[in-house]
Every structure is written in C-alpha cells, then in structure tokens.
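Report on the structure given below.
Each reported figure results from applying straightforward, stated rules to the coordinates on display, with no laboratory input. Remember, predicted model here, so these are calculated numbers, not experimental data. Note: ideal-geometry Cβ built from the backbone for every residue, glycine included; neighbour counts use all protein chains shown.
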Amino acid sequence: MIVSRAMPAPARGNAKWDRHAPTSLPHFPAATTLTEQVRQIVQCGGTMYAVGSFTTIKKGSTIYTRSNIFSFSATAPCFVVMPRPAHHQG
C-alpha cells in the first residue's frame, strides 16, 4: 500500500490507476511478512498523520521504525517528521 496525500478517484470507464507511486513519497517497504495498512490519514497544519497497522515506513532509501502511527510533511518533498508522534493504546 502506498501512503500519500489523497488522490482523486479515477473517472469511470477507461481510467487506470498507476500502481507505482514515486519513491519520494512515504510508503511501506515492498518486501514484508506482515499485512500493513493505513486506516486513516489526516492533515493538521503542515503535517500529515497516518494511523493503522504497520511497523515500518520507507522514504527513498531510508526505513523508519514506527508503531502504527507516523507523520510526514504535507508538502513536497514529504519529509518524514521526527520525532515519532506520541500515541496511546487502549
């Protein structure tokens, strides 16, 4: 699954999705033994927050360890924001 800013749905008919998003966007690594998914993405100011079920995010050649939440800048080149956002389970 690719994690990026919202994309408009293709028009019905002959429109096709491009399954190969630019590697400059935060995304899941191609090879993983887990089912990783983003359940919600929201923007707060200049930062995007993504939550779901995942442990790693990749941007370019860098892999970031995360625990079901990560944030990145809302504008290109979409830097992964450090430090990790705090979260609570339960």
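If we only count strands (runs of 3 or more DSSP E) wholly inside the range 29-71, which ones have 3 or more residues that are within 10 Å of the chain's Cα centre (by Cα), within 13 Å of Val81 (Cα to Cα) and of a type outside the set (S, T, N, Q)? Lay out the reasoning, then the answer.
Working: elements: 37-44, 47-53, 56-59, 62-65.
Hits in the range 29-71: 47-53, 56-59.
Of all residue pairs spaced 6 or more apart or on separate chains, those with beta-carbon atoms under 8 Å, a first member in the range 32-55 that is of a type in the set (Lys, Arg) and a second member that is surrounded by fewer than 15 Cβ atoms within 10 Å (Cβ to Cβ) and in a strand (DSSP E or B) are Arg39/Ser53.
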